[in-house]
1. Test Phe352 against the criterion of being open to solvent by 30 Å² or more (accessible area, probe 1.4 Å), out of contact with any strand residue (DSSP E or B) (no Cβ under 6 Å at 6 or more places or on another chain), in a helix (DSSP H, G or I) and within 17 Å of Ser230 (Cα to Cα), and give yes or no.
2. Could you go through the range 359-375 and let me know if any residue there is under 17 Å from the mean Cα position of the chain (by Cα) and either over 25 Å from Glu278 (Cβ atoms) or open to solvent by less than 30 Å² (accessible area, probe 1.4 Å) (or both).
3. Please tell me if Lys135 is closer than 21 Å to Phe173 by Cβ, open to solvent by 10 Å² or more (accessible area, probe 1.4 Å) and either touching a Lys or Arg at 6+ places or on another chain (Cβ under 9 Å) or among the basic types (Lys, Arg) (or both).
4. Just give me the residues in the range 41-92 being part of a loop (DSSP other than H, G, I, E, B) and without any contact (Cβ under 8 Å) to a residue 12 or more places away in the chain, in sequence order.
5. Do we find that Tyr344 is open to solvent by 30 Å² or more (accessible area, probe 1.4 Å) and at pLDDT 90 or above in this structure?
6. Check off (1) part of a loop (DSSP other than H, G, I, E, B); (2) more than 30 Å from Gly54 (Cβ to Cβ); (3) not hydrophobic (A, V, I, L, M, F, W, C) for Thr130 and give me the number that stays unchecked.
7. Out of all the residues in the range 224-247, which are surrounded by 21 or more Cβ atoms within 10 Å (Cβ to Cβ) and modelled with pLDDT of 90 or more?
8. Taking the residues in the range 95-108 that are in a helix (DSSP H, G or I) and in contact (Cβ under 8 Å) with a residue 40 or more places away in the chain as candidates, determine which candidate is nearest to Phe190 (Cα to Cα).
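The values are calculated or read from the model by the stated rules, or taken from the named source; none is laboratory data. It should be emphasised that the depicted structure is a prediction, and the values quoted were computed from it without experimental measurement. Note that each Cβ is placed from the backbone with ideal geometry, even for glycine, and that neighbours are counted across all protein chains shown. Just the protein is used for accessible areas: all its heavy atoms, side chains included, with ligands, DNA and RNA removed. Shrake-Rupley method; radii C 1.70, N 1.55, O 1.52, S 1.80 Å.
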Amino acid sequence: MRLLKIYTDSFKGLSAESWMLAVVMLINRSGSMVLPFLGIYMTDHLGFSLKNAGLVLSFFGIGSVLGSWLGGMITDKIGEFKVQSAALLLSVPLFCMIPLFKSEVGLAIIILLQSTVSEAFRPANSVAITRYAKKGNITRSFSLNRMAVNLGFSIGPALGGILSAISYNFLFFSNALAALIAGITYIWFFRNRSHRNREIVKETTSNPKSLSPYRDQKFILFAFFCLLFSVCFFQILNTLTIFYKEEAKLSQRTIGYILGYSGLIIVILEMLFVQIAERKFKLRFTLFLGTFLCGISFAILGFNNSLVILIISMTILCVGEIWTLPFMSTVTALRSGADNKGAYMGLLGIGFSLAFIITPSLGTFIAQEFGFSTLWIGTGILMTIAAIGFYYIIPWMLGDKQNESDME
């Protein structure tokens, strides 16, 4: 009963705006059917070679980098409301235009444009979370948003599998419809809203918060460790599933069950575990522990690939993810100022986007040349390095302000 009370309490005190941002994210991500099936669409429907399909997919990663940078920069100039509204509504015609392009070059260009526009939404959304969250609830607001993302990504691919069996065009039009509904919902609710957090930052060159994040050496080092973590972690989207298929000899249905299990674990446990970390841990230890657990989850795969070990590994990975990803955003929010929060969130997003470009080719290369055992043990070592890096960089960067309640 006590555990149940802690769990229900983890949802209490969140602002109405935080809930609505999560609802908008859920609607938008529930329509995210294109990316998981884009490679199949190109090879099966358009007849692209595997190599050319991979090159086109790389333009999605490039667009993500551009979108994170542009979205963060523009958010600081015109505000997160206009950026989120524009990103959602402009995505609608771009999704509808994708089926019109049949060549590799044409599809690469439209995918680049679409991902640039769509990913500009992310830093603006992160800024909105920090500005509408109640004081002391920033990390839980990020966690609620992430829970919506995980729910959406559970719903989207399942619907995408059904729709693609009928017609691939339904994928793109459904994605467009979800973006349209999300955009209308967001504009309707937030058009006249005032921010809850009105930070006052003195504009002096001695104040590190007035700096561009690209000149903030401490934050750049933190962002590097975030990139290192992301390159390792996002193997869950590609290399890990190949390992399940080729080394563990799992069927596609079993792989789907394990991935579905991971999403379910995140949805059930995230708010509870974030609540525990906020009460018991400092930020430096939370990120250290979360990253270290992620490293362990990958490293044990280098020694055993039985189904029981795979499930244990995924469970540990989910817990580590919960104690890492939302708290990265909290650290970024604490380091930034009122006038450059979008740029800071954009730089953090660039690291994630770069990981989408680096991880697939690097992971498969190491697995092919040196074996999966080397890949997973090496991943564990790199995660441990990142964990140690977080432990020392966070107090150096934030000083005594290692609690979100310190944010004005």
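1. Values: open to solvent by 30 Å² or more (accessible area, probe 1.4 Å): no; out of contact with any strand residue (DSSP E or B) (no Cβ under 6 Å at 6 or more places or on another chain): yes; in a helix (DSSP H, G or I): yes; within 17 Å of Ser230 (Cα to Cα): yes.
So Phe352 fails the test.
2. From the range 359-375, those under 17 Å from the mean Cα position of the chain (by Cα) are 359-360; that's our starting set.
With either over 25 Å from Glu278 (Cβ atoms) or open to solvent by less than 30 Å² (accessible area, probe 1.4 Å) (or both) added as a condition, the list becomes 359-360.
Yes, the range 359-375 contains at least one residue that is under 17 Å from the mean Cα position of the chain (by Cα) and either over 25 Å from Glu278 (Cβ atoms) or open to solvent by less than 30 Å² (accessible area, probe 1.4 Å) (or both).
3. Working: closer than 21 Å to Phe173 by Cβ: no; open to solvent by 10 Å² or more (accessible area, probe 1.4 Å): yes; either touching a Lys or Arg at 6+ places or on another chain (Cβ under 9 Å) or among the basic types (Lys, Arg) (or both): yes.
Considered against the rule, which asks whether it is closer than 21 Å to Phe173 by Cβ, open to solvent by 10 Å² or more (accessible area, probe 1.4 Å) and either touching a Lys or Arg at 6+ places or on another chain (Cβ under 9 Å) or among the basic types (Lys, Arg) (or both), Lys135 comes out as no.
4. Applying the first criterion (part of a loop (DSSP other than H, G, I, E, B)) to the range 41-92 yields 46-49, 79.
The answer is Gly47, Ser49, Gly79.
5. Spelling it out, it is not the case that Tyr344 is open to solvent by 30 Å² or more (accessible area, probe 1.4 Å) and at pLDDT 90 or above.
6. That leaves (1) as the condition not met.
7. Phe225, Cys226, Phe229, Ser230, Val231, Cys232, Phe233, listed by residue number.
8. Within the range 95-108, the subset in a helix (DSSP H, G or I) is 95-100, 104-108.
The next check asks that each one be in contact (Cβ under 8 Å) with a residue 40 or more places away in the chain; those that pass are 95-96, 98-99, 104, 107-108.
On the way: Phe95: 24, Cys96: 26, Ile98: 30, Pro99: 32, Glu104: 39, Leu107: 34, Ala108: 34 Å.
Here the answer is Phe95.
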